[in-house]
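Contents: one structure, followed by commentary.
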Amino acid sequence: MALPELHRFTLPNGLRVVLAPDPSAPVVGVSVHYDVGFRSEPEGRTGFAHLFEHLMFQGSESLEKLAHFRHVQSSGGTFNGSTHPDYTDYYQVLPSAALERALFLEADRMRAPKITEENLRNQIDVVKEEIRLNVLNRPYGGFPWILLPPVLFQTFPNAHNGYGDFTDLENATVDDCAAFFDTYYAPGNAVLTVAGDFAPETAKALVEKHFGDVPARPVPVRPSFAEAPPKGEVRAEHTDKHAPMPAVALGYRIPDPVSEVEGYLSYLVLAGVLTDGDGSRLQQRLVHRDALVVDVGAGCGLFGPLEARDPDTFSITAIHPPDIAADRVIAAVDEELLRLAEEGPTEQELAKVTARWVSTMHREHDRLTSRTLGLGSAELLFGRAELLYELPDKLAGITTDVVAAAAKALRPDSRAVLLLNPAGAPAADAETGAAADATTAAGSDAATGAADQTTPDTAAGAASDNGGTE
């Protein structure tokens with residue numbers, strides 16, 4: 001696929017606009033990314049960013065409730081929204097003839113969503129049901145994206161449960177919602193992305209027509225969420241009443257994806273070397289050779305790679321039989337990391353993993369929905385939408401030495417360890433596997449809810465999670 005040329009401009013009200021024309025198919029994607037996510041929530045208002053995402057679909061200045069859905073679907077389009085640690089996005093993909101309709105819909109709710117007591121109470125119930133579905137009534141429902149952060153991090157923005165505590169959600173008021181909108185949903189705190197089949201001059205004129213009169217408001221100063229890595233190994237346990245087998249999650253801090261993107265990507269390749277396919281290091285060692293686990297995975301970011309600013313997380317998770325001690329699993333992981341740190345991956349391993357990542361990225365960028373959202377998030381988080389198109393070459397340039405250095409940095413003396421125990425069975429002693437008294441998980445209990453590892457998306461009045469909190 002030929003890379004579309006990017007066009008940028010900023011409206012007087014501060015709205016940043018990225019245009020990515022591509023006439024290869026008669027469709028357009030329109031997204032708006034707001035610079036607010038879970039980490040911006042104040043204490044006592046957990047889950048508020050996700051709740052507000054739902055409210056943005058409940059009508060606006062010129063449209064009654066559900067009208068947004070009807071206008072998009074009657075045009076043959078699709079739409080959704082999702083909440084992430086550092087941003088909230090909204091999008092629609094429609095036939096190119098409906099571009100102006102999509103721009104009108106986004107501008108209308110940016111100008112004034114319909115925040116009423118009825119809408120608020122209704123969406124609190126919807127979000128609570130989403131939490132029950134995705135967390136409370138699902139095996140491993142909060143594992144690890146809700147349960148691991150309070151072990152790895154100490155500050156509220158990084159450690160709290162982004163899906164929200166039921167009490168916090170129920171205490172939300174219309175005034176809270178209005179203040180949240182006024183603070184974070186200003187045009188100057190957003191990026192509008194248009195990708196697909198359109199003429200740049202036409203799209204620019206339509207953007208100015210529909211968004212130009214959205215009133216400018218002060219843009220909040222984005223705080224730093226930086227905090228020091230853990231000093232030592234920090235452990236916690238959690239009991240999951242639906243889980244059939246124990247599990248363990250290891251969490252590590254990784255380089256800042258904004259200022260050290262190449263270093264960050266080395267961990268993405270490391271994750272592939274460790275767990276991508278049956279021939280990967282941990283699959284071979286833990287599953288096939290030693291039979292210590294039934295499932296193992298690794299990755300960057302609890303919502304996926306490049307989905308958040310610093311600080312971000314590298315995690316390794318495994319589900320193991322009850323008669324296997326968690327520390328046996330952890331020790332085997334540490335041995336494989338040490339081997340990689342000393343020897344690095346083979347050239348064949350590296351080539352296989354980078355080729356898979358590059359092909360996956362090209363395939364995703366060929367999908368208009370993924371491309372539109374990717375350009376918008378890259379512009380918001382990194383200030384460069386072009387990064388989306390540069391990632392395959394950057395990944396292809398990762399060397400064995402760089403991956404070895406990444407493995408060496410995953411040290412046992414600076415990590416979080418989360419042990420998940422099935423309910424009804426005594427907690428397994430980490431070293432021997434013998435029965436031991438269960439301890440309470442440090443941080444968010446699954447009973448408070450959480451955001452799904454996919455991303456939260458909001459469709460047709462309900463939320464479906466798709467890599468953030470929908």
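Here is how the numbers come out for the structure above:
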{"item": "Test: Pro26 is touching a Ser or Thr at 6+ places or on another chain (Cβ under 6 Å), within 24 Å of Arg367 (Cα to Cα) and surrounded by fewer than 24 Cβ atoms within 10 Å (Cβ to Cβ)", "result": "yes"}
{"item": "Test: residue in the stretch 63-76 that is touching an Asp or Glu at 6+ places or on another chain (Cβ under 8 Å) and surrounded by 15 or more Cβ atoms within 10 Å (Cβ to Cβ)", "result": "yes"}
{"item": "One residue from Val248, Val214, Val191 being within 30 Å of Ser96 (Cβ to Cβ) and in a strand (DSSP E or B)", "result": "Val191"}
{"item": "Of residues in the stretch 275-292 being under 26 Å from the mean Cα position of the chain (by Cα) and within 19 Å of Ala247 (Cβ to Cβ), the one surrounded by the fewest Cβ atoms within 10 Å (Cβ to Cβ)", "result": "Gln283"}
{"item": "Selection from the stretch 187-202 of residues that are within 29 Å of the chain's Cα centre (by Cα), surrounded by fewer than 23 Cβ atoms within 10 Å (Cβ to Cβ) and small (Gly, Ala, Ser)", "result": "Gly188"}
{"item": "Residue check, Gly14 in a loop (DSSP other than H, G, I, E, B), surrounded by 16 or more Cβ atoms within 10 Å (Cβ to Cβ) and touching a residue at least 24 places away in the same chain (Cβ under 8 Å)", "result": "yes"}
{"item": "All positions within the stretch 36-62 that are under 15 Å from Asp108 (Cα atoms), touching an Asp or Glu at 6+ places or on another chain (Cβ under 6 Å) and in a loop (DSSP other than H, G, I, E, B)", "result": "Glu61, Ser62"}
{"item": "Which numbered condition Val219 misses (of (1) of a type in the set (A, V, I, L, M); (2) in a loop (DSSP other than H, G, I, E, B); (3) buried (at least 19 other Cβ atoms within 10 Å of the Cβ))", "result": "(3)"}
{"item": "In the stretch 29-78, the residues that are in contact with a Ser or Thr (Cβ under 6 Å, 6 or more places away or on another chain) and polar (S, T, N, Q)", "result": "Ser31"}
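All of the numbers you see were taken from the coordinates with simple rules; none came from a lab. Only a predicted model underlies this, so the values are computations on that prediction, with no experimental measurement involved. Backbone-built Cβ (ideal geometry, glycine too); neighbour counts: all protein chains shown.
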